[in-house]
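This report refers to the structure that appears directly beneath it.
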Amino acid sequence: MPTETTETETVAQAQKTVLDARDVAKGFGDGAVLEGIDLRVAEGELLTLMGPNGVGKSVLLSCLAGSTDPDAGTIELFDGLSPTEARSETSVALQGETIDPDLTGRENLQFYGDLHPRATDDWREIADRLELTDDLDRPAREYSGGMARKLELTIALTVDAKLYLLDEPTAELDLAMIQTVHDLLLEYSGDGKTILMTSHAPLDAQIADRIAFVQQGRVVATDRPSALLEDLPPTVRVRGGMAPESAFLADRVFQRGDEIRGFLAPETDLETIEGAIDSGRNRVTVERDPPSYTDLFNYYTYVQPTRDAETMATDTESTRDRRDATVTDR
Ligand SMILES: Nc1ncnc2c1ncn2[C@@H]1O[C@H](COP(=O)(O)OP(=O)(O)OP(=O)(O)O)[C@@H](O)[C@H]1O
């Protein structure tokens, strides 16, 4: 079915394509992880691949980096190169797969510096900005999760590549360090570098030119963050009372501090939700609230899949009803 082309997609089409993945599938044993991934990244774009734990973001990145072979589908980088052929123009940070724990941080940097044809001396500055310099002479096995992420990122960003594939570069980092990593990535992006990173942290949405949500083995939505936010069903905030899940879209509510958030179902309104709340003596407020990136993440992770499953169940039921009616008519 032809889909409407958004403004962003039109702009992306006008730019050179750096990464083009079509119908990529990958499974392990009997379990399918990726079931038909379509993804295009334009030159100079910072695209964030988002999705919940275990959805297959790292597996996809591994396929795009040429470290894992997909079971089906095609991946083209730059002008028709396979991921393996494009290695000299690509820099990759795959979580837990890069660092040799028996080497110090510095030795790891030297090892990868010798390995990649486009390695530079920028590692000193990057390690400094990531506050890793003082730990560079410790064995990497002693590193905390956050320190390991910083070393992987330093190794990847030291390379003067055209395309960076970064697996959760902000995972396990504190807020100040996430800001530093965002600044670094925006600088690279500003210099025309193409970045594809994975994340399940809504905070990372704010630096993305586009976000692609992965769910049930496919990319289910891709657009600018602002466009995705605009397309969300109305977001509702409840304060002062327990709202029943059934009052919201897909029967899902999300607790945030002392408030409950959910999405307005088409057949309901704020008054109906208010009427369904057992408020006791509390003053209850039910109001629409501008969506946040956390709302966006919750929608594509928890609400949309339930809606899709409900639509599929309804379609199956009506097909069965039609078939039964046809049998009765005979
Ligand atoms: N080598 C492997 N053998 C078997 N299963 C694997 C292998 N690698 C990944 N998987 C499975 O593939 C699925 C997707 O894993 P993946 O690491 O890509 O998820 P993710 O989206 O990156 O999750 P997270 O956000 O937690 O990092 C998981 O169920 C995982 O157990």
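Read-outs throughout are calculated quantities, based only on the coordinates presented, and are distinct from any laboratory measurement. What you see is a predicted model, and the numbers here were worked out from it, not measured in a lab. Don't worry about glycine lacking a Cβ; one is built from the backbone with ideal geometry, like all the others, and counts go over all protein chains shown.
Per-residue packing, averaged as other Cβ atoms within 10 Å, sorts the ranges 143-151, 228-236, 54-62 into the order 54-62, 143-151, 228-236, beginning with the highest. The alpha-carbon of residue 193 sits under 26 angstrom from the alpha-carbons of these lysines, leaving out residues fewer than 8 places away in its chain: 16, 57, 150, 162.
Over the range 27-185, the Kirkwood radius and the radius of gyration, each from Cα atoms, give a ratio Rg/Rh of 0.96. The local environment of residue 217, defined by Cβ-Cβ distances under 12 Å, has a net charge of -1 under the rule Lys, Arg +1 and Asp, Glu -1.
With kT/(6 pi eta Rh) evaluated at 37 °C and eta = 0.692 mPa s, and Rh the Kirkwood radius from Cα pairs, the range 192-254 diffuses with a coefficient of 229 µm²/s according to Stokes-Einstein. Once the chain from residue 88 to residue 111 is taken as fully extended at 0.36 nm per residue, the excess over their C-alpha distance is 6.7 nm. Based on alpha-carbon atoms, the Kirkwood radius and the radius of gyration of the chain give Rg/Rh equal to 1.04.
Amide H contacts under 5 Å for residue 221: 213, restricted to partners 5 or more places along the chain or on a different chain, H placed in the peptide plane at 1.01 Å from N. Considering helices alone, the calculated mean residue ellipticity of the chain at 222 nm is -10000 deg cm²/dmol, with DSSP H runs of length four and up weighted by -39500 (n - 2.57) and normalised per residue. With only Cα atoms counted, the range 37-91 has Rg and Dmax values of 11.5, 32 Å. Scalar couplings 3J(HN,Hα) for the range 24-30, obtained by applying the Karplus form with A = 6.51, B = -1.76, C = 1.60 to θ = phi - 60°, are 6, 10, 7, x, 10, x, 8 Hz; x denotes Gly and Pro. Overall, the ratio between the Cα radius of gyration of the range 235-314 and 2.2 N^0.38 Å, rounded to two decimals, is 1.08. Summing +1 for each Lys or Arg and -1 for each Asp or Glu among the other residues whose beta-carbon sits under 13 angstrom from that of residue 196 gives -2. Within the shell of other residues whose beta carbon sits under 10 angstrom from the beta carbon of residue 244, the net charge comes to -3, with Lys and Arg scored +1 and Asp and Glu -1.
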